[in-house]
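Read through the structure below, which is laid out as structure tokens, and then see the notes.
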Amino acid sequence: MRGFWRTLESVLAVILLMGFLLAAGSVYFSKTEDVNLGSLGYEILKELDNRGELRAYAVSGDYESLNGKIKLPGYNHSVMICCQGETCRGQYPDSENVAASVYIISGCDGYKPCEVRLFIWW
């Protein structure tokens, strides 16, 4: 009778272990939904502009503070600011899968057009 209970205990342990591995592994094996990162980046920049946070950073060229305002869980991102008559500030990512979103503003207090580029990659 002792052998039967040990066999039953072993089978139960294997079932529990396999159930745990399947539950934990299903996160990695599930199909990820297709996200249009270009549109997502544009919507993020537009939302920052609607809240009044984008223009001041863009005109001053403060890409680091602007980059800190953007939250994209699961993705890497960087910001580049290119104003008319100036060199671009920021970093282009060194990755193969990069989506770029561009948001153009006319300035903050006066006319000083700037292009804000948001790069998103995984």
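Only the coordinates and a few stated rules stand behind these numbers; no lab work does. Treat the numbers as computed from the prediction; the structure is a model and nothing was measured. Neighbour counts are summed over all protein chains in view; Cβ atoms, including those assigned to glycine, are modelled from backbone coordinates with ideal geometry.
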Discussion item. Just to be sure I follow the rule: in the chain, considering lysines 8 or more places apart or on different chains, how many pairs have Cα atoms under 25 Å apart?
Written reply: 5
Item to complete: Counting only trypsin sites (Lys or Arg not before Pro) that are in a DSSP loop and have at most 16 other C-beta atoms within 10 Å, tell me the longest site-free stretch of the chain.
Response: 72-122
Item to complete: Would you work out which of SER101, TRP122, ILE81 lies farthest towards the positive end of the dipole of the chain, given +1 charges on the beta-carbon of Lys and Arg and -1 on that of Asp and Glu, about the Cα centre?
Response: TRP122
Worksheet item: So what is the calculated 222 nm ellipticity per residue for the chain, using -39500 (n - 2.57) for each DSSP H run with n of 4 or more, over all residues, to the nearest 500 deg cm²/dmol?
Response: -15000 deg cm²/dmol
Discussion item. Placing unit charges on C-beta atoms (Lys and Arg positive, Asp and Glu negative, everything else neutral), compute the dipole magnitude of the chain about its Cα centre in debye, rounded to 20.
Written reply: 480
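So for the chain, considering every pair of alpha-carbon atoms, how many percent are separated by more than 24 Å? Display every interim value, and only then the final one.
Numbers: 3409 of 7381 pairs.
Percentage above 24 Å: 46.
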Item to complete: Rank the residues CYS114, CYS88, CYS82 as a footprinting-exposure proxy: fewest other Cβ atoms within 10 Å of their Cβ go first.
Response: CYS88, CYS82, CYS114
Worksheet item: How far apart, in nm, are the 7 Å Cα→Cβ label points at LEU40 and PHE20?
Response: 3.2
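How would you rank TRP122, TRP5, going from fewest to most other Cβ atoms within 10 Å of each one's own Cβ?
Numbers: TRP122 14, TRP5 9.
Exposure proxy ranking, most exposed first: TRP5, TRP122.
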